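Peer 1: Following this message is one structure expressed as structure tokens.
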Amino acid sequence: QQLNTELAGLEELYENKLLSEEEFQQAKQNLIKDFMKANLDIELEGWMQGIEVAQQFCNEAANAVSALQEAEMTNLDAQMQAELTAAGDNAEERERIEAEYEQKKLDTQKKYAVADMVVNIAKTVAAGALAVMQCFAQLGPIAGAVMAAVVGVTTAAEIATIVAQKNAI
């Protein structure tokens, strides 16, 4: 509505011969461009706020996964210590118990590696999306698109690294 009001004011100035055709067209173009930029900035701000909320959620999820894994590992350590105590000086039984619990710990790491990977990928995608939006907001449509492509490639490389780390476990 404000844009329409300002355009009507420009048209009135032009009709009253207070602006030349060239001045009118340039002012009209500048006005539309400014309103489009302001509108884009408002939309980007909303998207960026949403992504920041998603990042916070991902951080909380990562903390929860980490806490669950730590609790499970602590529980396994306690169970192993109880069995080792019960085994007494029997070296063969102690070795079997330690091997069994090392396997259980590895299985636990594998189980949580998938959850950790999913959370880290989500965090990386959210950070990449935020960076892309900032590229457009700060650099405009042309330079922003170039930098957004760079951010996209970097984000993809980070995701590949996360997957490789999970596969290593």
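Peer 1: Want the number for I42 to F57: 0.36 nm per residue separation, take away the alpha-carbon distance, what's left?
Peer 2: 3.1 nm
Peer 1: Sticking with this one: If amide hydrogens are placed 1.01 Å from N in the peptide plane, which non-local residues have theirs closer than 5 Å to the one on L19?
Peer 2: So L19 has HN proximity to Y14.
Peer 1: Reported to two decimal places, what Rg/Rh ratio describes the range 97-146 when computed on Cα atoms with Rh from the Kirkwood expression?
Peer 2: My calculation of the ratio gives 1.46.
Peer 1: Bins of 5 Å, beginning at zero and ending with the bin holding the largest distance: percent of Cα pairs per bin for the chain, please.
Peer 2: 1, 8, 10, 11, 9, 8, 8, 7, 6, 6, 5, 4, 4, 3, 2, 2, 2, 1, 1, 1, 0, 0
Peer 1: Need one number: nm distance between label points at A8 and A64, each 7 Å from Cα along Cα→Cβ, rounded to one decimal.
Peer 2: 5.2
Peer 1: Quick one: check the C-alpha center-to-center distance for the range 53-99 versus the range 1-36, whole angstrom.
Peer 2: Cα centroid to Cα centroid, the span is 70 Å.
Peer 1: Tell me, what % of the accessible area of the chain is carbon and sulfur with a 1.4 angstrom probe?
Peer 2: Carbon and sulfur together cover 58 percent of it.
Peer 1: In the Gaussian network model of the chain, springs joining C-alpha atoms below 10 Å, which of Q79, Q29, Q134 carries the largest mean-square fluctuation?
Peer 2: Q29
Peer 1: Considering only protein heavy atoms, what per residue accessible area in square angstrom results for the chain with a 1.4 angstrom probe?
Peer 2: 68
Peer 1: Using the alpha carbons of the range 74-165, what is the convex hull volume per residue in cubic angstrom, as a whole number?
Peer 2: Output value, Cα hull per residue: 89 Å³.
Peer 1: Starting from the Cα of K110, draw a straight line to each of the lysines and keep only those under 19 Å, dropping any in the same chain fewer than 8 residues away.
Peer 2: Within reach: K166.
Peer 1: Let me ask you something else. Nearest 10 degrees, 0 to 90: what angle lies between the long axis of helix 91-168 and the longest principal axis of the chain (Cα atoms)?
Peer 2: 10
The values are calculated or read from the model by the stated rules, or taken from the named source; none is laboratory data. This structure is a prediction, so every number in the text was calculated from the model and none was measured. With ideal geometry, Cβ positions are generated from the backbone for all residues, glycine too; neighbour counts draw on all protein chains shown. For accessibility, only protein heavy atoms count, side chains too; no ligands or nucleic acids. Shrake-Rupley method; radii C 1.70, N 1.55, O 1.52, S 1.80 Å.
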